[in-house]
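Here the structure comes first, spelled out in structure tokens, and everything after it is commentary.
The values are calculated or read from the model by the stated rules, or taken from the named source; none is laboratory data. This is a predicted model, so every value here is computed, not measured. Glycine gets a Cβ as well: all are built from the backbone with ideal geometry, and neighbour counts include every protein chain shown.
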Amino acid sequence: MRINLLSSFAAGLLISTTICGAVYFSTKSDVPKAAVKTSESQTTVKVQPSENEMKNTLVSKGYIVQTIAEFDKKMKDAKGADQKQAAPADNQSNKAVTKVILNVSDGMTSIDVGNMLVRANLVPNAFNFSKDIEKKGLENKLRPGVFVVDSNMSYDQVVSTIFK
């Protein structure tokens, strides 16, 4: 193609675009150019449930609801019971008994519990513990709470204490 022909074509496109733009912006019509959505605004007010309603909802879904005072009392009772049980056990045998208080919080998994038991030398491997829990079908039975286990307990007793 020749340069004159190409520049004439480009000039024609520029002129036609300018004319179309001028016509578009200069005409005023009563019809809106874009669809207008009409909507009614509704105001919703969230009502906070009462404390009893929240507790009942959580309890019905399987959660344990405690106040801080109740939790502290249970912790003191558990520690006191451990100390009372530890004294007679020491008199009966010279074998050292390891007592562990496990505090299972919401969102913990069986591998997290296994890691705590490994640190307490009650279970040799956290991963194997987790796999065993899955084999037994207990992975959904873990609930938040405070559990006391010791080295005198058998493996099945430890599992049944934590996974009720």
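Structure values in brief
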read-out	value
Boolean, Leu6 is touching a helix residue (DSSP H, G or I) at 6+ places or on another chain (Cβ under 9 Å), surrounded by 10 or more Cβ atoms within 10 Å (Cβ to Cβ), at pLDDT 75 or above and not basic (Lys, Arg)	no
Pair list, Cβ under 8 Å, 6 or more apart: region 53-74 residue touching a residue at least 60 places away in the same chain (Cβ under 8 Å) and surrounded by 11 or more Cβ atoms within 10 Å (Cβ to Cβ), other residue of a type in the set (Lys, Arg) and not in a helix (DSSP H, G or I)	Tyr63/Arg143; Ile64/Arg143
Subset of region 88-110 that is closer than 10 Å to Asn152 by Cβ and at pLDDT 60 or above - its residue that is surrounded by the most Cβ atoms within 10 Å (Cβ to Cβ)	Lys99
Residue among Ala22, Ala69 that is within 27 Å of the chain's Cα centre (by Cα), in a helix (DSSP H, G or I) and at pLDDT 85 or above	Ala69
Any hit, region 142-153, residues being of a type in the set (A, V, I, L, M) and within 12 Å of Thr109 (Cβ to Cβ)	yes
